[in-house]
Amino acid sequence: MAMLEVTSLGISFGGLRAVDELSMKIEKGGLVGLIGPNGAGKTTAFNMLTGVYRPTDGGIRLDGQNLIGKKPHEICKLGVARTFQNIRLFQDMSVLENVLAGCHCRMRAGLFPSLFRTPAQRSEERQAVERAMRELAFVGLDDQYANLAGNLAYGNQRLLEIARALASEPRFLILDEPAGGMNDQETADLMLLIKAIQKRGITILLIEHDMNLVMRVCEKIVVLENGALIAEGTSAEIKRNPRVIEAYLGAEG
């Protein structure tokens with residue numbers, strides 16, 4: 001059984017059909033790229049997968065469990081985490097505090113233990129800090145833990161978002177243009193990081209405009225145009241697909 005199965009997924013905003021009849025399967029442990037020209041419906045599809053938008057029609061199943069109608073925090077608890085096309089960090093909080101926010105969905109202490117700082121609550125808090133520091137070390141930011149998130153260089157803010165997502169202990173990670181704004185060296189390092197995340201057994205769905213990154217790291221690529229799937233396959237198959245070439249370059253190109 002596929003980890004993620006999307007069936008005839010669609011959404012309309014008034015008279016605009018943003019995504020139409022999207023179907024795809026992602027196997028456990030896979031690394032799949034979702035590409036397409038601007039306005040193709042990629043981020044809209046991500047927003048449906050994570051509960052931000054409710055689809056007009058179609059189905060989404062994670063390990064056989066229906067995700068339609070679930071709220072974003074409920075989907076997060078099921079093991080789905082994401083980053084954002086536009087960085088969404090708590091700029092005036094520390095790097096460590098930002099990652100701790102990702103740990104929150106796995107913490108069990110309620111109001112009473114938190115108010116009275118019970119031994120169980122303090123132990124859980126220590127474990128969360130240790131986990132957050134491990135994720136910061138994983139992305140190479142552990143030496144910045146006390147710095148304000150807003151003081152980090154742009155590329156490091158992207159890495160901090162990934163660390164925060166990993167802190168929620170995801171089984172399925174959605175990356176929305178993680179290389180956006182990165183220089184060549186940062187992008188090369190990001191490629192290695194994405195592969196390292198996959199080696200942890202985490203399934204990855206990646207939106208990215210950097211075709212070099214997508215072609216080099218993704219095992220399978222899904223292509224959208226005007227909200228509809230026009231192609232899927234390996235990087236070699238996608239590179240020579242006439243419909244993909246036309247979508248990006250136009251008929252003359």
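Quick one: work out the % antiparallel among DSSP beta bridges in the stretch 165-253, nearest 5.
Bridges in the stretch 165-253 are about 50 percent antiparallel.
So I have [x] 30.0, 116; [y] 19.0, 69; [z] 18.2, 51, and one of them is Rg and Dmax of the Cα atoms in Å calculated from this model. Which one is it?
Computed from these coordinates, Rg and Dmax of the Cα atoms in Å corresponds to label [y].
Given the options Val223, Val32, Val129, state which has the largest fluctuation in a GNM of the chain using a 10 Å cut-off (strictly under) for Cα springs.
Val129
Run the numbers for Asn183 and Asp92: contour at 0.36 nm per residue of separation, minus the present Cα-Cα distance, in nm.
Extra length from Asn183 to Asp92 when fully extended: 30.3 nm.
So what does Asp184 come to for accessible area, using a 1.4 Å probe and Å² rounded to 10?
Rounded to the nearest 10, the figure is 140 Å².
Loop by DSSP (not H, G, I, E, B), at most 14 other beta-carbon atoms within 10 Å: where is the longest site-free stretch of the chain for trypsin sites (Lys or Arg not before Pro)?
Longest run free of exposed loop sites: 118-199.
Keeping every protein chain present and rolling a 1.4 Å probe, give me the accessible area per residue for the stretch 160-253 in Å².
44 Å²
Give me, ordered by chain and number, the residues 5 or more places off Glu177 or on other chains with an amide H under 5 Å from its own placed amide H.
Result for Glu177 returns Ile207, Glu208.
Quick one: putting +1 on the C-beta of Lys and Arg, -1 on the C-beta of Asp and Glu, what dipole do you get for the stretch 199-238 around its Cα centre, in Debye to the nearest 20?
It comes to approximately 280 debye.
Under a GNM of the chain (C-alpha, springs under 10 Å), which listed residue has the highest mean-square fluctuation: Gly51, Gly64, Gly79?
Top of the fluctuation ranking is Gly64.
Using a probe radius of 1.4 Å on heavy atoms only, what accessible surface per residue do you get for the stretch 1-84? Whole Å² is fine.
For the stretch 1-84, the per-residue accessible area is 44 Å².
Tell me what the chain gives for mean residue ellipticity at 222 nm when only DSSP H runs of n ≥ 4 count, each as -39,500 (n - 2.57), the sum divided by the residue total, rounded to 500 deg cm²/dmol.
Counting only the DSSP helices, I get -11500 deg cm²/dmol.
For the pairs Lys25/Lys77; Lys71/Lys239; Lys25/Lys71; Lys77/Lys199, note any where the Cα-Cα span goes beyond 26 Å.
Lys71/Lys239
Using the crude model of +1 on Lys and Arg Cβ and -1 on Asp and Glu Cβ, and no other charge, please compute the dipole size for the chain relative to its Cα centre, in debye to 20.
Rounded to the nearest 20 debye, it is 860 debye.
Of the DSSP beta bridges with both residues in the chain, give the percent that are antiparallel, rounding to the nearest 5.
Given both bridge residues lie in the chain, the antiparallel proportion sits at roughly 55 percent.
Can you pull the percent of the chain's accessible area that's carbon plus sulfur, 1.4 Å probe, other chains left in place?
For the chain, the apolar C and S fraction of the accessible surface comes to 50 percent.
List the GluC sites (Glu not before Pro) in the stretch 173-253 that DSSP assigns to loop (not H, G, I, E or B) and whose Cβ has at most 16 other Cβ atoms within 10 Å. Which are they?
Glu219, Glu252
The values are calculated or read from the model by the stated rules, or taken from the named source; none is laboratory data. Not measured: the values here are computed from a predicted model. Glycine gets a Cβ as well: all are built from the backbone with ideal geometry, and neighbour counts include every protein chain shown. We work out accessible area using only protein heavy atoms, side chains counted, and drop any ligands, DNA or RNA first. Shrake-Rupley method; radii C 1.70, N 1.55, O 1.52, S 1.80 Å.
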